[in-house]
Amino acid sequence: MEQTRLVLDQIANKWSIMIMTRLADGPVRFNELRRLLGNITHKSLTEALRRLERHKLIRREVICSSPVAVQYEVTDLGRTLETPVTALVRWAEDHAGEMLDVQSSGEVEG
């Protein structure tokens with residue numbers, strides 16, 4: 001159970017699922033990914049990408065151009081998360097209203 005919790009800590013944090021979703025269609029450059037995600041800071045995106053790369057869920061590629069660019073793509077291991085991540089995102093989209101209504105009304109139990 002402890003190993004499962006540790007793995008889930010890595011893939012279920014604030015930005016990882018959204019990053020994996022954005023990379024599902026193919027490689028994306030850093031700045032484009034930041035624009036796609038909206039309100040993520042440069043620092044938060046960098047940290048999240050490094051964490052996903054360290055766990056072999058994405059790969060980083062430096063593109064020798066002028067200026068030099070970096071792009072990220074999902075690895076084979078990361079692709080195994082596609083179905084569950086897509087299902088989770090779809091569930092969140094379908095139930096966001098209910099979840100946010102409860103949160104804003106103060107009905108959340110501690």
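Laboratory data are not the source of any read-out in this text; all were calculated from the coordinates shown. Predicted model only: the values in this text are computed from it and were never measured. All Cβ positions, glycine included, derive from the backbone under ideal geometry; neighbour counts span all protein chains shown.
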> Which option, (i) 113; (ii) 136; (iii) 93, is the value of volume of the Cα convex hull per residue in Å³ that was calculated from these coordinates?
Replying inline: (ii)
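To the nearest 0.05, how large is the calculated FRET efficiency for Glu32 and Arg59 if R₀ is 25 Å and r is the Cβ-Cβ distance? Walk me through the numbers on the way to the answer.
Working: r = 16 Å, r/R0 = 0.65.
Efficiency, from the Cβ-Cβ distance: 0.95.
Remind me, relative contact order of the chain in percent, using alpha carbon pairs under 8 angstrom and six or more residues apart? Walk me through the intermediate numbers first.
Details: 89 pairs, mean separation 28.1, N = 110.
After rounding, I find 26 percent.
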